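Working notes, structure below.
Quick note: the coordinates plus some simple rules give every number you see, no bench work behind them. Note that this is a predicted model, so its numbers are computed, not measured. We place every Cβ from the backbone using ideal geometry, glycine too, and count neighbours over all the protein chains shown.
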Amino acid sequence: MQKQLLKNFAGLIEANAKDDLLLRQLEVERLPAHVAIIMDGNGRWAARRNLPRVAGHRAGAESVRAAVDTAARLHIAYLTLYAFSTENWKRPKLEVQALMALLKEFLRKEIRTLQDNNIRFQTIGREQDLDASVRREIEQARRDTETNTGTVLSVALNYSGRADILDAIKSIVTEAAHHHQDPAQISEADLARHLYTRGLPDPDLLIRTSGEMRVSNFLLWQIAYSEIYVTETLWPDFRRADFFAAVLEFQRRERRYGDVKTPEKNSLFVANLK
Ligand code: IPE
Ligand code: IPE
Ligand code: MG
């Protein structure tokens with residue numbers, strides 16, 4: 001199994017001692033099924049180089065390409081990228097326009113790579129409020145990749161975690177009224193089925209780049225038990241080694257979901273016997 005992982009990166013990591021060392025430490029049986037990333041720090045990356053913010057976004061697109069490639073090679077089933085929040089409309093008009101143009105360019109250019117890597121593309125968020133030209137590219141990419149069976153790439157566009165929950169509630173209430181359902185019967189699973197992320201498992205690992213310790217309205221419902229990894233690396237600098245390092249840290253964590261560790265459970269049992 002471990003050999004298979006090395007094979008997936010053959011020709012790419014041998015020359016890079018850091019990549020190689022990190023990859024060899026990954027446990028292939030314990031890879032996260034769903035990785036979500038808050039891609040932050042494009043503006044700071046540009047500012048450090050005395051470049052306009054847009055140059056940071058352009059450089060960030062290169063990191064998206066690299067992250068998708070790494071996820072596909074690791075056979076990570078779900079990769080979800082936060083690209084544009086509902087709050088990002090507050091930014092200068094020219095920056096918003098540049099972000100949308102970059103997105104369209106990315107979809108047009110990368111469709112071949114998505115196909116070659118068997119990646120299924122979709123978006124999450126209030127797509128209806130995006131420009132028609134953006135929606136057209138999204139629709140094209142979605143249709144072109146809908147039968148692919150590999151990594152599911154979800155790009156969060158015009159996304160807000162609160163809007164996600166609110167839209168789900170509206171949809172549930174409408175449906176319940178239509179079927180004369182008792183609201184008391186609504187379950188967590190029902191709500192999850194009405195979120196934009198329906199069909200995706202909750203993220204196992206949430207990565208945020210550029211050091212900010214906040215979730216910025218991303219996947220609020222879905223990250224209830226996600227492991228959070230914050231790196232100082234700015235998004236345009238985020239490459240394979242950073243991805244591997246995040247997964248490695250994830251594998252060192254002990255996920256308890258509110259329970260206690262098994263040995264502690266046993267010790268409690270022994271104590272009770274005394
Ligand atoms: C993330 O980088 C990209 C988007 C939010 C679209 P930022 O543009 O937020 O970069 P910083 O946080 O200003 O450095
Ligand atoms: C989060 O980054 C949104 C995306 C990465 C798309 P922001 O830069 O918008 O978040 P804040 O403003 O620092 O919370
Ligand atoms: Mg930011």
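So if I restrict to the alpha-carbon atoms in the range 1-148, what is the Rg, and what is Dmax, the biggest pairwise distance, in Å?
17.0, 49
How big is the charge dipole of the range 188-266 about its Cα centre, in debye rounded to the nearest 20, if each Lys and Arg gets +1 on its Cβ and each Asp and Glu gets -1 on its Cβ?
Dipole magnitude for the range 188-266 comes out near 120 debye.
With only Lys, Arg, Asp and Glu charged, each at its Cβ (+1 for the first two, -1 for the last two), find how big the charge dipole of the chain is about the Cα centre; round to the nearest 20 debye.
So the magnitude is around 560 debye.
With the dipole of the chain worked out from charges on the C-beta (+1 for Lys and Arg, -1 for Asp and Glu) around the Cα centre, which of GLY43, LEU103, ILE169 lies farthest toward the positive end?
Ranked along the dipole, the leading option is GLY43.
Could you identify which residue out of SER226, SER154, SER171 has the top mean-square fluctuation in a GNM of the chain using Cα springs shorter than 10 Å?
Result for the chain, Cα springs under 10 Å: SER171 fluctuates most.
Please report, largest first and rounded to whole Å, the three semi-axes of the ellipsoid equivalent to the chain, where each semi-axis is the square root of five times an eigenvalue of the C-alpha gyration tensor.
Result for the chain: semi-axes of 31, 28, 19 Å.
About its Cα centre, how strong a charge dipole does the range 148-193 have in debye, to the nearest 20, once Lys and Arg get +1 and Asp and Glu get -1 at the Cβ?
In total the dipole reaches around 160 debye.
Hey, if you put +1 on the Cβ of every Lys and Arg and -1 on every Asp and Glu Cβ in the range 1-98, which of ASN88, ALA71, ALA17 ends up farthest toward the positive end of that dipole?
ASN88
Which number comes out as Rg/Rh for the range 123-274 once both Rg and the Kirkwood Rh are worked out on C-alpha atoms?
1.06
What does the extension gain come out to for GLN25 and ALA132, with contour length at 0.36 nm per residue minus their alpha carbon separation?
34.0 nm
Rounded to the nearest angstrom and ordered from largest down, what semi-axes does the equivalent ellipsoid of the range 101-159 get from its C-alpha gyration tensor (root of 5λ)?
Sorted largest first and rounded, they come to 19, 12, 9 Å.
Which FRET efficiency value, to the nearest 0.05, is calculated for ARG49 and LYS18 with the Förster distance at 22 angstrom and r the Cβ-Cβ distance?
0.40
Where does each of 131-138, 56-63 land if you order them by average Cβ count within 10 Å, highest first?
Going by the mean number of other Cβ atoms within 10 Å, highest first, we get 56-63, 131-138.
Peptides 231-240, 194-203: what's the order by average Cβ count within 10 Å, highest mean first?
For the peptides 231-240, 194-203, the packing ranking is 231-240, 194-203.
How far is the Cα center of the range 1-45 from the Cα center of the range 143-220, in Å?
A separation of 27 Å, based on Cα centres.
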